[in-house]
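Rule-based calculations on the coordinates, nothing more; no lab input. Since this is a predicted model, take the numbers as computed values, not measurements. All Cβ positions, even for glycine, are placed from backbone atoms using ideal geometry, and neighbour counts span all protein chains on display.
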């Protein structure tokens, strides 16, 4: 039987960010234990930094070695699935009222946001806050880099190895390997597959 003072180091073996038992890592582990008590075994051990807020009324699945640096605002009223080795910088917002999927090895810059929903436009005589939400799934591939303050809106699919520039507003699909920038975001550098087609 494992001694009580050996339990926490054994749990921490799974995540490089919390292998060393510093006060910061111990507090992050306690945050994770509290979240896991609410969500069950669908979340692997991951790092939850200070002032992160998780509102989970739907389904949350988080893979191993995921890091939320701090001040994240995560809502999972629908389904939110985050694969292994994903990093979220300071102040990231994720709003999943329908379905959001994030692939392995993706990185998100400071204050990036992902929304699979927005307030409906009908009926016009209703206050905006009371209107039914319009939702469409968001799918972010593997090894995607999303720059600081970029916004990904409902119905968007981002292919593997794509780059979303800082401050971009993504309103339509991004091909694999492409780089997009601007408001609304447009392809400024096609992926290799697209270059081969065009060339």
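Below are the figures for this structure:
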quantity: Rel. contact order, % - alpha carbon contacts under 8 angstrom, at least six apart, segment 103-184; calculated: 27
quantity: Where N is the number of residues in segment 44-199, Cα Rg divided by 2.2 N^0.38 Å; calculated: 1.05
quantity: Segment 41-56-segment 63-99 distance, computed between alpha-carbon centres (Å); calculated: 8
quantity: Sorted by Cβ neighbour density within 10 Å, fewest at the top, the residues 104, 189, 38, 154; calculated: 38, 189, 104, 154
